[in-house]
Amino acid sequence: QVQLVESGGGLVEAGGSLRLSCAVSGSSFSINNMGWYRQAPGKQRDLVATIYNSGHTNYADSVKGRFTISRDNAKNTVYLQMNSLKPEDTAVYYCYVMTYRITWGQGTQVTVSS
């Protein structure tokens, strides 16, 4: 059974940086892509960034140029480097991995103060 363990959330001032990590274990199926979603209070869960096996990446328009997704295949870990954070980036961030189905992490809170 696939398990995802997230870390790296917290409280930061606007303009600051955080790096989220998501360690993947237990997958006996090929991983198609992996990445991050976020969900702010009262809003739907939205895609933030995706990285494919090819290394190709996709970003939400709202984070382009500020966030960078990367993966370390040797460690089965995906990262989200978040720079120039804004209060509107405040949300619970969920890591996911796509095999034959999607598996979610438990979520990590990111709070950006103005």
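The values are calculated or read from the model by the stated rules, or taken from the named source; none is laboratory data. Owing to the predicted nature of the structure, the values given are computational and were not obtained by experimental measurement. Here the Cβ is made from the backbone with ideal geometry for all residues, glycine too, and neighbour counts use every protein chain on show. These accessible areas exclude ligands, DNA and RNA; they are computed on the full protein's heavy atoms, side chains included. Shrake-Rupley method; radii C 1.70, N 1.55, O 1.52, S 1.80 Å.
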> Does the range 89-111 hold any residues that are in contact (Cβ under 8 Å) with a residue 24 or more places away in the chain, more than 27 Å from A14 (Cα to Cα) and not in a loop (DSSP other than H, G, I, E, B), and which are they?
Replying inline: V97, M98, T103, W104
>> Can you tell me which of (1) closer than 23 Å to G10 by Cβ; (2) open to solvent by 60 Å² or more (accessible area, probe 1.4 Å); (3) in contact with a Phe, Trp or Tyr (Cβ under 8 Å, 6 or more places away or on another chain) is the one A49 doesn't meet?
In response: (2)
>> For the list (1) within 19 Å of P41 (Cβ to Cβ); (2) in contact (Cβ under 8 Å) with a residue 24 or more places away in the chain, I need the number of the one condition that A60 fails.
In response: (2)
> Out of the residues in the range 57-88 that are at pLDDT below 95 and part of a loop (DSSP other than H, G, I, E, B), which is most open to solvent (accessible area, probe 1.4 Å)?
Replying inline: K75
